[in-house]
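Visitor: The following block contains the structure, expressed as structure tokens.
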Amino acid sequence: MGFDSSEPEQRRRLQAALTAAQVSTGDLWLYYFGIGGAVGEYEVEAYMQGLLSLPQLQRDLLAMAANELFTDHNGPRAPYSDEIDAEDPPGSGQA
């Protein structure tokens, strides 16, 4: 499975949101799995490092899990895949 054009930007912004909220990848995975995520913790770790591509549905579930984990956080939120295409192009400085 190859990367789609929005996947690297979606991953980068998910990482930024997790860092700002001080949420670990392990905590993200646990919540993601609890809401129906189908990918194992090892695969999520590999995805977060850019070593593995995930299907759009699984990436969007990770974004949902992240956003639900830090509802009280005022920092950046994790975008869904359809939001990447509708927003500014990668590298435009928007987070």
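Visitor: For the chain, what's the relative contact order in percent, using C-alpha pairs closer than 8 Å and at least 6 residues apart?
Guide: Taking the mean separation of contacting Cα pairs over the length of the chain, I get 40 percent.
Visitor: Let me ask something additional. Under 12 Å from a label point 7 Å along Cα→Cβ of Q56: give me every residue in the range 1-40 with its amide N that close.
Guide: 4-7
Visitor: Further question on the same structure: Once fully extended, how much extra length lies between A16 and D4, figured as 0.36 nm per residue of separation less the alpha-carbon to alpha-carbon distance?
Guide: 2.4 nm
Visitor: Measure off, as a whole percent, the carbon and sulfur share of the 1.4 Å-probe accessible area of the chain, all protein chains present.
Guide: Percent of accessible area from carbon and sulfur atoms in the chain: 52.
Visitor: Between rounded, prolate and oblate, where does the range 41-88 land on the alpha carbon gyration tensor, with a ≥ b ≥ c its root eigenvalues, rounded for a/c under 1.5, else prolate if a/b exceeds b/c?
Guide: Oblate shape, in that a/c is at least 1.5 and b/c is the bigger or equal ratio.
Visitor: Then there's this: Using mean Cβ contacts within 10 Å as the protection proxy, how do 7-15, 33-41 order, highest first?
Guide: Going from most to least packed, we get 7-15, 33-41.
Visitor: Based on the Cα coordinates of the chain, what is the per residue volume of their convex hull in Å³?
Guide: Here the figure is 91 Å³ per residue.
The values are calculated or read from the model by the stated rules, or taken from the named source; none is laboratory data. This one's a predicted model, so the numbers in the text were calculated from it and none came from an experiment. Positions of Cβ are generated from backbone atoms using ideal geometry, with glycine treated the same way; all protein chains shown enter the neighbour counts. Heads up: the accessible areas ignore ligands, DNA and RNA and are worked out on the full protein's heavy atoms, side chains in. Shrake-Rupley method; radii C 1.70, N 1.55, O 1.52, S 1.80 Å.
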